[in-house]
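A quick write-up on the structure given underneath.
Every number here is computed from the coordinates shown, using simple stated rules; none is lab data. Bear in mind the structure is a predicted one, so any value in this text is a computation, not a measurement. With ideal geometry, Cβ positions are generated from the backbone for all residues, glycine too; neighbour counts draw on all protein chains shown.
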2 protein chains.
Amino acid sequence: MSVELIGLDGDDTLWHSESLFTVTNERIADLLAHHVDAATLDARLLDTERRNLKLFGYGAKAFTLSMIETAIEVTDGRVATHEIQTIIDLGKALLAHPVELLDGVADALAQLADRRLVLITKGDLFHQESKVAGSGLGDRFESVEIVSEKDDHTYRRVLDRLGVAPEQFVMVGNSLRSDVAPVVALGGRGVHVPYAHVWALDSEPESDVPDERWWRIDSLGELPALVAKLDG
Amino acid sequence: MSVELIGLDGDDTLWHSESLFTVTNERIADLLAHHVDAATLDARLLDTERRNLKLFGYGAKAFTLSMIETAIEVTDGRVATHEIQTIIDLGKALLAHPVELLDGVADALAQLADRRLVLITKGDLFHQESKVAGSGLGDRFESVEIVSEKDDHTYRRVLDRLGVAPEQFVMVGNSLRSDVAPVVALGGRGVHVPYAHVWALDSEPESDVPDERWWRIDSLGELPALVAKLDG
């Protein structure tokens, strides 16, 4: 089946993101080390994020608010207000951080220049737009779709809008749950490019992923060759 | 010139928003009254929001983070952590608040049922999507465009995507700066529906607005008749 449209995820597929959250987490753990050990802080943060997900959605502002809440909770209110301000400053640094492309991304997109490409990325609208702008890749994409959740409904809507059948669509990203499984469920194809760090709320046991119509590559550098193979 | 497409703003045009922020502001002013008077808090919050706008964008999470930062600053760090938690809780209440339509909205949209309508709303993606869902109006719109900034570039992109010339587009909203001026600048027409509360960062002196191709109505109930008149 021919490949009419290639979808690419942004965070941790085109540019680094989760590693920045990881570093920020470590800095906050250091900051609060005299109140709480890092493992407890991590576990409590994850509880808070899970509880807040339906209200806050994804992204650095949601992370910062959940971290402040966790810091107050886990210290029984003893966290100092200057420590809370430091958490806000670290959240701002996440938002202001320059975009760093992953290895092989610029080359792969240059090789795919004659393809229809769409960026489908989840998270905070404002921050994602500034990352697209900062990446210098915006012009490569026919359309940039910033979505609040990546489920089959979302992919169906994007494909309808662009007039492409699921069978002619290939989605590429680092998350089996968000980038691969829903697209395969629609009848499309998925390409998994694992990233070193995975956010716990975005992971999925391998057993829940589909049996077929998806491939795994080590880096985006392998994508042009795989697309050529799939475009049979 | 015929009217092919009508754009509608969401917050404070279809449903109440700024009045909820105003009430939340008052509650936080009460909470912090033993630290700071309300006028000082308001002025400092506005400074913080202006400073953070480029990083945080618009919406309740941005508001909550700026309010925490202001509370720490204005009290020289003496704000209590349980007061910060209350600020977070009030921010969550903003996000969880049921959608309340403005008077005349449901009727006006029913009367415009045979028109092409697009919702063009600014702010936090996640929260705006949940407001569209909660409004029960989602099906009325051919498309829902949640954007980070409402400037001529944004309107141009939406119109290109929907294949409509600016001359055949009418945008309706409560903000002269965001809903009327950029559309008129593109060659389209604007309808201003003032709302009782205007966020200071979203206001514009009347002298900066265009001289022609825009109209003012008191409520959305007057829109169907105005559209019939414009559609000449």
Discussion item. With +1 assigned to the C-beta of every Lys and Arg and -1 to the C-beta of every Asp and Glu, and no other charges, what is the dipole magnitude of the protein assembly as shown about the Cα centre in debye, to the nearest 20?
Written reply: 420
Worksheet item: Can you tell which of A:S17, A:V193, A:V118 lies farthest toward the positive end of the dipole of chain A, using +1 and -1 charges on the Cβ of basic and acidic side chains (Lys, Arg; Asp, Glu)?
Response: A:V118
Worksheet entry | All Cα pairs of chain A, percent lying beyond 29 Å | 31
Practice prompt. Using the Cα centre as the reference, give the magnitude of the dipole from point charges on the C-beta atoms of chain A (Lys, Arg: +1; Asp, Glu: -1; all else neutral), rounded to the nearest 20 debye.
Written response: 480
Worksheet item: Any idea what angle helix B:60-74 forms with the longest principal axis of chain B, computed on alpha-carbon atoms, 0 to 90 degrees, nearest 10?
Response: 30
Practice prompt. Output the antiparallel fraction of DSSP beta bridges having both residues in the protein assembly as shown, as a percent to the nearest 5.
Written response: 5
Worksheet entry | C-alpha center-to-center spacing [the stretch A:79-149, the stretch B:63-121] in angstrom | 25
Discussion item. Could you tell me what a quarter of the Cα convex hull surface of the stretch A:18-96 works out to, in nm² with one decimal place?
Written reply: 4.7
Worksheet item: Taking the Cβ of B:V191 as the center, what net charge do the other residues with Cβ under 12 Å away carry, scoring Lys and Arg +1 and Asp and Glu -1?
Response: 0
Worksheet, complete the sentence: Exposure proxy check on A:S66, B:S19, B:S143: fewest-to-most Cβ neighbours within 10 Å is B:S19, B:S143, A:S66
Fill in: Helix axis angle, B:81-96 relative to chain B longest principal axis, alpha carbon, degrees
20
Discussion item. As I understand it, the dipole of the stretch B:44-92 uses +1 on the Cβ of Lys and Arg and -1 on the Cβ of Asp and Glu, about the Cα centre. Which of B:N52, B:T86, B:M67 lies farthest toward its positive end?
Written reply: B:N52
Worksheet, complete the sentence: Mean per-residue count of partner chain Cβ within 10 Å for A:31-43 equals 0
Worksheet, complete the sentence: Within chain A, pairs of Lys residues whose Cα atoms are less than 27 angstrom apart, provided they are eight or more positions apart or on distinct chains, add up to 15
Worksheet, complete the sentence: Expressed as a whole-number percentage, the relative contact order of chain B with C-alpha contacts under 8 angstrom and at least six residues apart is 27
Worksheet item: What shape does the stretch B:5-54 take by its C-alpha gyration tensor, where a ≥ b ≥ c are the square roots of the eigenvalues and a/c under 1.5 counts as rounded, a/b above b/c as prolate, and the rest as oblate?
Response: oblate
Discussion item. For peptide A:82-92, what's the mean number of Cβ atoms from other chains within 10 Å of each residue's Cβ?
Written reply: 3
Worksheet, complete the sentence: The exposure ranking of A:L102, A:L223, fewest beta-carbon neighbours within 10 Å first, is A:L102, A:L223
Discussion item. Counting other beta carbons within 10 Å of each residue's own, what order do A:H97, A:H153 fall into, fewest first?
Written reply: A:H153, A:H97
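What's the local net charge at A:Q85, with K and R +1, D and E -1, over the other residues with C-beta under 12 Å away?
With Lys, Arg at +1 and Asp, Glu at -1, the net is -4.
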Worksheet item: Rounded to whole Å and sorted largest first, what semi-axes of the equivalent ellipsoid does the C-alpha gyration tensor of the protein assembly as shown yield via the square root of 5 times each eigenvalue?
Response: 35, 34, 18
Item to complete: For A:Q85, place a label point 7 Å out from Cα along the Cα→Cβ vector, do the same in each other copy, and report the separations in nm, one decimal, smallest first.
Response: 2.2
Worksheet item: For the stretch A:18-96, what is the charge dipole size about the Cα centre, in debye to the nearest 20, if Lys and Arg each add +1 at the Cβ and Asp and Glu each add -1 at the Cβ?
Response: 300
Worksheet item: Using the alpha-carbon atoms, what tilt in degrees (0 to 90, nearest 10) does helix A:38-56 show relative to the longest principal axis of chain A?
Response: 60
Discussion item. Using +1 at the C-beta of Lys and Arg and -1 at the C-beta of Asp and Glu, which of A:S130, A:A108, A:V147 has the Cα lying farthest in the positive direction of the dipole of the stretch A:76-189?
Written reply: A:V147
Worksheet entry | Shielding of A:55-65 by partner chains, average beta-carbon count, 10 Å | 6
Worksheet entry | Counting DSSP beta bridges with both ends in chain A, the antiparallel % (nearest 5) | 5
